[in-house]
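Worksheet for the structure shown next.
The values are calculated or read from the model by the stated rules, or taken from the named source; none is laboratory data. Since this is a predicted model, take the numbers as computed values, not measurements. Note that each Cβ is placed from the backbone with ideal geometry, even for glycine, and that neighbours are counted across all protein chains shown. Ligands, DNA and RNA are excluded from the accessible area calculation, which covers all protein heavy atoms including side chains. Shrake-Rupley method; radii C 1.70, N 1.55, O 1.52, S 1.80 Å.
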Amino acid sequence: MNAVAIFIALLKDRQTFLQEIHEGKRLSVKISALLICSFCSFATYGAIVGSFHSPLQALSSGLKLPTLYLITLLVCLPALYVFNALFGSRQTIAQHFTYVLSAAAVIALLLVGFAPITLFFVITISPVQDYSFYLLLNVVIFAMTGMFGVSFLYQAMRPVAQSETDTNVQLRSTVLRFWLGLYGFVGSQLGWTLRPFFGSPGAFELFRPREGNFWTGVLDAIANLMQG
């Protein structure tokens, strides 16, 4: 089964796809396919986002966006695995990795779906006058796709009691919800660290100084949009 076929299986037959992960079937093949297709999808959307500024920014964002999602996954995965194993999960770290990578792939697919809309605004608005609008538009798109990805992961990994005496199910559910919040927080802050992705008006910058945080940046963009 090639990478595209696995990606399509995730899109069209999620139940079978997730059941195979639960049973530990062809995990290495799935991981390779999901990494390749997710990287290409994130890179495509990142390049479109960055093209709002310049070709250099398109190249930079096309590389940084898949890096953002992969690093976030790798930073947060050990905590999920350790806590689940501590409270009774028998799934391997490879299964955990495949589940989380599947959620990232869902986000990547959704971003590709939004790509024509983002490209439309890249073509039709001004990089100087409409930067705050463009930034907030993409924050909304990333938030929406992220929520769908988180929902997918929760449904895929939500523990089910194997017997009436399985007392750790509720605890593992709580751990999973906490981890999903942590995943979103780490991802947003890492995105702020790796900025710019959109490229504010002016000269190209590969990275910006480490100041403020993601939330203050969003609030500043909202203030600028309302003033302008």
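For this structure, a couple of remarks:
- Where Leu182, Leu68, Leu74 fall by accessible area, highest first, once all protein chains stay in place (1.4 Å): Leu74, Leu182, Leu68
- Cα→Cβ-extended label distance, 7 Å offset, between Ile117 and Gln129, nm: 2.4 nm
- Potential lengthening between Met144 and Ile222 on full extension [0.36 nm per residue; Cα-Cα distance subtracted]: 26.3 nm
- For the chain, the per residue solvent-accessible surface stands at 53 Å², with DNA, RNA and ligands left out and a 1.4 Å probe.
- The protection proxy used here, the mean number of other Cβ atoms lying within 10 Å of each residue, ranks peptides 54-62, 111-119 as follows, highest first: 54-62, 111-119.
- Of the complete DSSP H runs in the chain, those spanning 18 angstrom or more by Cα along the long axis with a mean Kyte-Doolittle score not below 0.0 are 27-50, 55-86, 93-124, 131-157, 169-194, 214-227.
- Heavy atoms of Phe178 accessible to a 1.4 Å probe, total area in Å² rounded to 10: 140 Å²
- Förster-model FRET efficiency, 30 Å R0, Arg208 and Ser151, C-beta, rounded to 0.05: 0.40
- Entry note, the chain: the mean residue ellipticity at 222 nm calculated from DSSP H runs of n ≥ 4, each adding -39500 (n - 2.57), is -26500 deg cm²/dmol after division by the residues and rounding to the nearest 500.
- Segment Ile8-Ser32, length gained on full extension (0.36 nm per residue, minus Cα span): 7.2 nm
- Efficiency of FRET from Cβ geometry, Leu59 and Thr193, R₀ 25 Å, rounded to 0.05: 0.85
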